[in-house]
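**Student:** Before anything else, here's the structure in question.
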Amino acid sequence: MEARLDLFGSRLGSTLLKHFTAAGKTVSDSTLPPSTRDLVLLRASQINGCGFCTDMHAKDAAHAGETPVRLALVAAWREATVFTDAERAALELTEEGTRIADAAGGVRDEVWANAAEHYDEEQLTALVATIAVINAFNRLNVIARQPAGDYTPGQFG
């Protein structure tokens, strides 16, 4: 498969990606646990069918020490016993925040309350921002048909 657009080679595309990446970097400097952020990035990418981001975030998480079992079970986290209650709350928020158009009213209050039991305001802000930014990246890559499979950890700095 070939990409429809060269997002990395065009002036506008590279500028846009630079700003999206900067937003992601801001979140990575928060107090949200990096492993939680990795799970959120992977789960949203799976939901959105973004092969490029699924490849990247699975490889980055593995490179950071995430276990193969947990990576394999992210898509089935509800039935898996390998995630903490806090991670499960973050994954549920990710799913509802990613599938926002599927539910009238967006994220349910009980999902938000569950996340708020495990994360402080800064971490909740980081979770919401991570979900928003990865959804934007996913949409760019899916629409442009960015091919997946060739990513190496740390490739983008």
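The values are calculated or read from the model by the stated rules, or taken from the named source; none is laboratory data. Since we're looking at a predicted model, the values are computed, not measured. Glycine gets a Cβ as well: all are built from the backbone with ideal geometry, and neighbour counts include every protein chain shown.
**Student:** Against the conditions (1) over 14 Å from the mean Cα position of the chain (by Cα); (2) surrounded by 14 or more Cβ atoms within 10 Å (Cβ to Cβ), where does residue 143 fall short? Just the number, please.
**Tutor:** So the condition that residue 143 fails would be (2).
**Student:** Could you grab me the full set of residues in the stretch 102-128 that are out of contact with any Gly (no Cβ under 8 Å at 6 or more places or on another chain) and either under 20 Å from residue 4 (Cα atoms) or buried (at least 17 other Cβ atoms within 10 Å of the Cβ) (or both)?
**Tutor:** Hits for the stretch 102-128 are 111, 112, 114, 115, 118, 119, 123, 124, 126, 127.
**Student:** Something else now. Considering only residues that are touching a helix residue (DSSP H, G or I) at 6+ places or on another chain (Cβ under 6 Å) and either over 12 Å from residue 142 (Cβ atoms) or modelled with pLDDT under 95 (or both), which ones fall in the stretch 47-61?
**Tutor:** 57, 58, 61 - these are the residues of the stretch 47-61 that are touching a helix residue (DSSP H, G or I) at 6+ places or on another chain (Cβ under 6 Å) and either over 12 Å from residue 142 (Cβ atoms) or modelled with pLDDT under 95 (or both).
**Student:** Return the residues of the stretch 36-56 that are assigned to a helix (DSSP H, G or I) and either acidic (Asp, Glu) or exposed (fewer than 15 other Cβ atoms within 10 Å of the Cβ) (or both); say none if nothing qualifies. Quick ask: steps written out before the conclusion?
**Tutor:** Our first condition is that a residue be assigned to a helix (DSSP H, G or I); within the stretch 36-56, this holds for 36-47, 51-56.
Of everything in the stretch 36-56, those that are assigned to a helix (DSSP H, G or I) and either acidic (Asp, Glu) or exposed (fewer than 15 other Cβ atoms within 10 Å of the Cβ) (or both) turn out to be 38, 55.
**Student:** Please state which one of 81, 98, 67 is among the polar types (S, T, N, Q) and either surrounded by 18 or more Cβ atoms within 10 Å (Cβ to Cβ) or in contact (Cβ under 8 Å) with a residue 40 or more places away in the chain (or both).
**Tutor:** Values: 81 fails: either surrounded by 18 or more Cβ atoms within 10 Å (Cβ to Cβ) or in contact (Cβ under 8 Å) with a residue 40 or more places away in the chain (or both); 67 fails: either surrounded by 18 or more Cβ atoms within 10 Å (Cβ to Cβ) or in contact (Cβ under 8 Å) with a residue 40 or more places away in the chain (or both).
Being among the polar types (S, T, N, Q) and either surrounded by 18 or more Cβ atoms within 10 Å (Cβ to Cβ) or in contact (Cβ under 8 Å) with a residue 40 or more places away in the chain (or both) holds for just one of 81, 98, 67, which is 98.
**Student:** Within the stretch 2-35, track down each residue that is among the polar types (S, T, N, Q), outside any helix (DSSP H, G or I) and closer than 30 Å to residue 119 by Cα.
**Tutor:** 30, 31, listed by residue number.
**Student:** Evaluate the following for residue 152: is it surrounded by 18 or more Cβ atoms within 10 Å (Cβ to Cβ) and touching a Lys or Arg at 6+ places or on another chain (Cβ under 8 Å)? Step through it out loud before you land on a result.
**Tutor:** Values: surrounded by 18 or more Cβ atoms within 10 Å (Cβ to Cβ): no; touching a Lys or Arg at 6+ places or on another chain (Cβ under 8 Å): yes.
The answer is no for residue 152.
**Student:** For the stretch 83-157, list the helices (runs of 4 or more DSSP H) that sit wholly inside it and hold at least 3 residues that are of a type in the set (Val, Ile, Thr) and at pLDDT 95 or above; which are they?
**Tutor:** Numbers: elements: 85-98, 109-118, 121-144.
Of the helices (runs of 4 or more DSSP H) lying wholly inside the stretch 83-157, those with at least 3 residues that are of a type in the set (Val, Ile, Thr) and at pLDDT 95 or above span 121-144.
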